1. Once both axes come from the Cα atoms, what is the angle between helix 5-17 and the longest principal axis of the chain, in degrees from 0 to 90, rounded to 10?
2. Restrict the search to the stretch 201-248; then list the trypsin sites (Lys or Arg not before Pro) that DSSP places in a loop and that have at most 15 other Cβ atoms within 10 Å of their Cβ.
3. Specify the inter-centroid distance of the stretch 231-253 and the stretch 264-323, based on alpha-carbon positions, in whole Å.
4. Taking the Cα centre of the stretch 172-276 as origin and charging only Cβ (+1 Lys, Arg; -1 Asp, Glu), how large is the dipole, in debye to the nearest 20?
5. Highest first, please rank the peptides 93-105, 75-87, 54-66 by the mean number of other Cβ atoms sitting within 10 Å of their residues.
6. About its Cα centre, how strong a charge dipole does the chain have in debye, to the nearest 20, once Lys and Arg get +1 and Asp and Glu get -1 at the Cβ?
7. For the stretch 250-314, what are Rg and Dmax over the alpha carbons, in angstrom?
8. So what's the stretch 153-283 giving for Rg/Rh, alpha carbon basis, Kirkwood Rh from the mean inverse pair distance?
Amino acid sequence: MAATQSEEETAKTVAKRLKTDENCPVTEDGDSTVKEALSGFKTGQILRDSAREKNIFIHGKFDDQEAVVILEKTPIRQDVLAEMFKSSSLTLEMKNDIYSTYQLQPPPHLNGIKTTVICPATEKHVKKYLRQETFLINETEDDYRSITLPHITQQSFSVQWVYNILEKKAEADRIVFEDPDPHVGFVLLPDFKWDQKQLEDLYLIAIVHRRDLKSLRDLTPDNLPLLRNILEKGVEAIGKKYNVPSSKLRMYLHYQPSYYHIHVHFTSLDYEAPGCGVERAHLLTDVIQNLQVQPEYYQKRTLTFPIRADDALLTKFREAGKI
Ligand code: M7G
C-alpha cells in the first residue's frame, strides 16, 4: 500500500533529522530548519545554569552518543519592539495600585532560544562546561616545556572545526573577511557564541591560515606582520560590515586557549564576554608591543592562567609540586 502523504513527510523529516551517522541531529545541506530535532535528546546532568545569564548547559545523549546542549535566551532587540507590542498576548499576573506584572507571549519568531549542540561530545567537552572551582597557575618557561607542552600535545581538543573553516568545508557562508595569504592571512567570522542578532554582544574570531602556531607561547617577532595584519584588517572589516569602530572593540588572545590554533577574539567592549578577564585574555595590542620590546617575551615570561579543578593539567602541575 502506498504511504500516505503524512507518513512520507514524517519519514523524510526523520531522515533529515537524524542522518543516522553518529545519531547526532544533523540537518541536510541547505536545510536549516528541522522540527523536533531535539526530541531524541535524553537529559542527563545539568552542567551549569544561570538565572542571570539566562542559560543552561546540559549533558545528555542522542541514542548512544554523548552530547552537550546549551540553551540561551537572547537579548530583546529594539528593532522588534513595535512588532512585539502589536502581536503578543498579555496575561495579568498581579496588579497593585500603579504596579502590575504580566506574562507576555510573543509570536514564535520573536521568541527564539539560541541553541548550541556538541555531538558527539568528549569527556573534555563535558568538563569544559561543568561549573567548578578554578585555580591560578603561574607557568614558567620551564613549566611550559616540561609540563604544559607535552600535555597539550597529547590531550587538547580537536581543531578539525578550525580546518573546516579554513578549507571552506563549514561556515563558508558566514565568513565576514578573508585574507588568503598563507603567512599573514586569516579568516574572520562570527564566533558561534554570537547569534548576530544584535551588536551589543558582537563576537567574532580571526583564525590564521598558518597551522604551526599553537598559542601565545609560539609567538615571536617573526609573527608581528601576521598580528598587525589581523589588527588592521580585522578592525577595518568589522567597521565596514557592522559600523563598530576599533574604540568599541576588545581584541585578545586566550592563554590557555581551548583550541591550540592561533586565533584572535574580537568582542564588543560593551559585552562582558566569557573569558575576557585579566587572568585569561591578552590584548592583541599588548601582545604586539611586548614582542616589539622583548623578542622572546612569550617564551621567557611566566604566564598566569586559570585552570579548572578537574583539569588533568592541574594534576600535572600538582604532581610536579608547582601548586
Ligand atoms: P578559545 O580561546 O580556544 O577557547 O576560543 P574558549 O572556547 O574556551 O574561549 C575558541 C573560540 O572559538 C571560542 O570563542 C568559541 O566560542 C569559538 N568556537 C568554538 N567552536 C567549536 C566553534 C565553531 O565550530 N565555529 C565558530 N564559529 N566558533 C567556534
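1. Here the helix axis deviates by roughly 10 degrees.
2. ARG211
3. First find each Cα centre; the distance between them is then 22 Å.
4. So the magnitude is around 80 debye.
5. 54-66, 75-87, 93-105
6. Once rounded to the nearest 20, the dipole reads 440 debye.
7. Rg and Dmax of the stretch 250-314, Cα atoms, are 12.8, 37 Å.
8. Looking at the stretch 153-283, the ratio lands at 0.93.
Values in this text are rule-based calculations from the coordinates and carry no lab data. Everything numeric here is computed off the predicted structure, so don't read it as measured data. Heads up, the Cβs are rebuilt from the backbone with ideal geometry, glycines too, and the neighbour counts pull from every protein chain shown.
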